[in-house]
């Protein structure tokens, strides 16, 4: 009888040890937010700020309506824009289909960022793509009104037509290295000039 009980306990212990472990998941952290439907209705509620994959917020987001209910996944088919905690995202049709890009600067020149899983120095990592839009483009430069991808490597060359009206701001940017905070500051400075000029 002792051998039978020992065998049962050993089998139970072995079975418990051999069970696949589920990766622990963090509880969703929610922040006040909104999304804009395809019909331009604004839905208020809470947006999850800590998805398992940090690039997920550029493809879809998790939302809990103010009216209550469960956290639901919202795709670009359902929402054309959303935001939380001062961060704002708009939908575009990118190389991977419909995606969200985050607005880093807004004004005459809008500047956006998109993060996605890719390769960095040959290893899996998060890549970043940048986009720009001149909201006042006209004449031969009217195509700049469309949101266009900016090369990370040749970003200064790509931004020249957008910032040609303020060459001093553009020329102060580093030619070889895209420094995101410095670039956002330069674009904000560019935009402030047009706010002052409009007043």
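The table for this structure:
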{"item": "Per-pair calculated FRET efficiency, R0 = 25 Å: residue 172 and residue 54 via Cβ, rounded to 0.05", "result": "0.20"}
{"item": "P(r) histogram, all alpha-carbon pairs of the stretch 30-152 included - 5 Å bins from 0, percent", "result": "2, 11, 19, 22, 19, 14, 8, 5, 2, 0, 0"}
{"item": "Potential lengthening between residue 152 and residue 29 on full extension [0.36 nm per residue; Cα-Cα distance subtracted]", "result": "41.1 nm"}
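A short reminder: the numbers here are calculations on the coordinates, not readings from a lab. Note that this is a predicted model, so its numbers are computed, not measured. Don't worry about glycine lacking a Cβ; one is built from the backbone with ideal geometry, like all the others, and counts go over all protein chains shown.
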